[in-house]
Amino acid sequence: MPTHNRRSQLSWAFYDWANSAFATTVMAGFFPLFFKQYWSTGTDATVSTFWLGLGNSGASFLILIMAPILGALADSGGIHKRLLAVFATIGIVATAAFFFVAQGAWPWAISIYVIAIIGFSGANVFYDAMLPSLTTHSDFHRLSALGYALGYLGGGLLFLVNVMMTLQPSWFGLADAAAAVRVSFLSVAVWWLIFSLPLLLGIREQAPTSSSRPALGKEFSKLWNTLKSIRQQRNLWMFLCAYWLYIDGVATIIRMAVDYGMAIGLPSDSLIIALLLVQFIGFPATLVFGRIGQRYGAKRGLWIGLWAYVIATACASLMSSSLEFYALAVALGLVQGGVQSLSRSLFGQLIPPERSGEYFGFLNMLGKAAAVLGPLMVGIVAATTGNSRIGLLSILVLFLLGMWFLRKVDDTPLAASTAPS
């Protein structure tokens, strides 16, 4: 492979290092806690929970609608990088704005949070859509895994520093933990900006021509045609059904693990340590899954990861100590990035490269709709049985159904399956 191709691939993968700081420090780590304890001071706990849930749902719904349209627009003129820059800038500015939100100003906090998620998720549509143009089918899994692996390492490193800032603010010249969290938000914005530069400066895209400039009406027509095209491709349809189900289970566990740990009485320090374990174990483990996908096929790698989720979910319903929670974090850290990266690369093999933006828009749309069925199932089962552990077991349905659909997917690359004999 030529040197400039390797450089472009590394530049692309480093964007995962850049934006994963937002996913880890802001979304999974500090925002939910700080929203309740600082920005919602004086507000009833149920009210703050309602607005936090509404903010998450509202942002997800907007991205759900926007993702396939944005992808189709990008494919019209080779402007993935430009649109990624626009949405990343929105996310970066919004993340930096958290620093200036005063205590008790929860309406501002939740509004900025929605904007930040839109920027983060919108940029990811174009980031994923660039993958097919940077590699060959035989190298899809390695490059996709490299991106996720760097994301785990980069997000984990900054989150580790941010946690140290909140635990020992005096070491960093900060007045208290609240000041440390506010500075942590600012550090995420700076990190995101700096490490986006390799992609923005190191990858060249073909300049759009005047004839390829997007028209919104044309893009809606193309979007409808894409929907019909997906329906007519049984193999692709089966994969999307599988992905929608099992990624909902993955996202539900990611979002509910800390709450579940608190519900069974585990200390908050243990939960933070567990989150850090997932990040740092996820780095080498995701690279290994990339090799597994490259050598044995993405489908086999996904089977390994999904069976691990089934076993881990069953064991989680029985755990009662911090040590067991750490073991769960290790297990999920070993497979979480692999499932995510191999899903992305397998999908990339099944679609036409020239329409990658459209199709990855649909994949992102399904991803943003994740953690909808899972929490609903957990809530209904827990309320019906009066046992949250049984509620957690209901997630197994999503994994097993997803695996059933995955069995029917032919993972032969589209280019190979359509090549003339």
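Among the conditions (1) open to solvent by 20 Å² or more (accessible area, probe 1.4 Å); (2) modelled with pLDDT under 85; (3) within 22 Å of the chain's Cα centre (by Cα); (4) not charged (D, E, K, R), V114 misses just one, which is (2). The residue of region 302-311 that is nearest to L245 (Cα to Cα), among those that are touching a residue at least 40 places away in the same chain (Cβ under 8 Å) and open to solvent by less than 30 Å² (accessible area, probe 1.4 Å), is L306. Scanning region 280-298 turns up one or more residues that are out of contact with any His (no Cβ under 8 Å at 6 or more places or on another chain), free of Cβ contacts under 8 Å to residues at least 24 places away in the same chain, surrounded by fewer than 16 Cβ atoms within 10 Å (Cβ to Cβ) and not aromatic (F, W, Y).
Here L328 fulfils each of the conditions (1) open to solvent by 10 Å² or more (accessible area, probe 1.4 Å); (2) under 14 Å from the mean Cα position of the chain (by Cα) apart from (2). Scanning region 183-204 for residues that are farther than 18 Å from S20 by Cα and open to solvent by less than 70 Å² (accessible area, probe 1.4 Å) turns up G202, I203. Scanning region 75-129 for residues that are more than 14 Å from I63 (Cβ to Cβ) and among the hydroxyl-bearing types (S, T, Y) yields a count of 4.
Checking the conditions here, which among W191, W108 is over 19 Å from the mean Cα position of the chain (by Cα) and assigned to a helix (DSSP H, G or I)? It would help to see each step written out before you state the result.
Numbers: W191 fails: over 19 Å from the mean Cα position of the chain (by Cα).
Matching residue, one of W191, W108: W108.
Among the residues of region 213-225, not a single one is under 19 Å from S356 (Cβ atoms), at pLDDT 90 or above and out of contact with any Pro (no Cβ under 9 Å at 6 or more places or on another chain).
Scanning region 155-182 for residues that are in a helix (DSSP H, G or I), open to solvent by 30 Å² or more (accessible area, probe 1.4 Å) and more than 23 Å from G104 (Cβ to Cβ) turns up L157, L160, V161, M164, L167, S170, W171, F172. Taken over region 125-142, the criterion of being closer than 14 Å to G293 by Cβ and either crowded, with 24+ Cβ neighbours inside 10 Å or at pLDDT 85 or above (or both) is satisfied by F140, H141.
The values are calculated or read from the model by the stated rules, or taken from the named source; none is laboratory data. These numbers were taken from a predicted model, which means no experiment stands behind them. Don't worry about glycine lacking a Cβ; one is built from the backbone with ideal geometry, like all the others, and counts go over all protein chains shown. Areas reflect the complete protein model, heavy atoms only, side chains present, ligands, DNA and RNA absent. Shrake-Rupley method; radii C 1.70, N 1.55, O 1.52, S 1.80 Å.
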